[in-house]
Amino acid sequence: MSRSTISTFKLFELFPDEPSARKYLEGRLWANGVICPECKGKDRITVRKDGYYRCNACKLDFTVRTGTIFERSHVPLHKWVYAMYLLVTARKGISSLQLGKEIGITQKSAWFVLHRLREACGTKLELLQGTVEVDETFFGGEENNRHMYDRIHKPRERSEKTIVVGMRQRGGNTVAKIVPSTGGLALRGAIHENVAPGSRILSDDYGSYIALPKEGFQHDSVKHVIGEYVRGDVHTNGIESVWAVMKRGMHGVYHHADKKHMGRYVNEFTFRLNQGNVARHTTERLDSFVDAIAGKRLTFEALTR
């Protein structure tokens, strides 16, 4: 077995029950001592039983779940840790049906668990810099595959596909964002938000990228319309490989994702590319996931509204 990963058997040895998982989570989230999630104080904390603490400053009773994606969840913490393990090690993701079977909960509960985990994946990264490949893609089924009453019949009506623009720094992180259109303002706006000024942008010859040199970026492109895909070091193969993995996961594992949830699915795949790199040990990838869960509570009402 690779030295950069651990088996599920080893994971179960590390976290066999809820107390062991709770101790691990407290060590990551409260590395410098227990902190009250309400007032952020740590000087007047009283230890109670079964993982509970009381802040005598603001009179709050809390656990390590409070203020995280685990809050008000009845799923034991060691099952949450195993779900995180599966999400960071499954290259194309894991379905709610499969997760439910793996950890012994209903499919509906597993679906909610996965969306809470995806909520934690939306961590803001530092600006990309250097050489950055940029490309846009579409997610959503073909019109001919829709039910007749769901199809867009008027030719001038816009498709309901979700537009995603991706930016991949060579030798660095990947960022993908949902945008409202493929127009220049939307695509270049996403670039300005996530790429440092002066960086070199590599794209195809789509017209929305033409104005990038006037906006403080270097810009090189390949002309797909004439069959040019590589010219020296100018290509978009890196970001297109991201789309290949993401679409295999969306089509082969998740099958269908509602448009209102697509942002979380996109965050899941980019998090796995950035923090879940197989070159990093599995425990390091788990640590990165746990570090991202604080302040990311997601209620079922907010998710389904």
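What are the pairs, 6+ residues apart or on separate chains, where a residue within the stretch 115-132 that is farther than 15 Å from A292 by Cβ and in contact (Cβ under 8 Å) with a residue 60 or more places away in the chain has its Cβ under 8 Å from a residue that is basic (K, R) and assigned to a loop (DSSP other than H, G, I, E, B)? Sorted first by the residue in the stretch 115-132, then by its partner, the pairs are G130/R170; T131/R170; V132/R170. Scanning the stretch 55-74 for residues that are surrounded by 19 or more Cβ atoms within 10 Å (Cβ to Cβ), under 27 Å from T8 (Cβ atoms) and within 21 Å of the chain's Cα centre (by Cα) yields R65, T68, I69, F70. Looking only at residues that are among the polar types (S, T, N, Q) and in contact with a Ser or Thr (Cβ under 9 Å, 6 or more places away or on another chain) in the stretch 85-105, which one is farthest from R231 (Cα to Cα)? In this case the residue turns out to be S96. Can you tell me which residues in the stretch 208-228 are under 30 Å from the mean Cα position of the chain (by Cα) and among the β-branched types (V, I, T)? If the condition is that a residue be under 30 Å from the mean Cα position of the chain (by Cα) and among the β-branched types (V, I, T), then I210, V222 are the ones that fit.
State all residues of the stretch 192-237 that are assigned to a loop (DSSP other than H, G, I, E, B) and hydrophobic (A, V, I, L, M, F, W, C); if no residue qualifies, say none. Result: A196, I210, A211, F217, V230.
Within the stretch 172-220, restricting attention to residues that are in contact with a Ser or Thr (Cβ under 8 Å, 6 or more places away or on another chain) and among the basic types (K, R), the residue that is farthest from K259 (Cα to Cα) is R200. Selection of the stretch 27-41 for residues being charged (D, E, K, R) and surrounded by 15 or more Cβ atoms within 10 Å (Cβ to Cβ) yields only R28.
Each reported figure results from applying straightforward, stated rules to the coordinates on display, with no laboratory input. Here the structure is a predicted model, which means the values were calculated and not measured. Methodologically, a virtual Cβ is constructed for each residue, glycine included, from the backbone with ideal geometry; neighbour enumeration extends over all protein chains shown.
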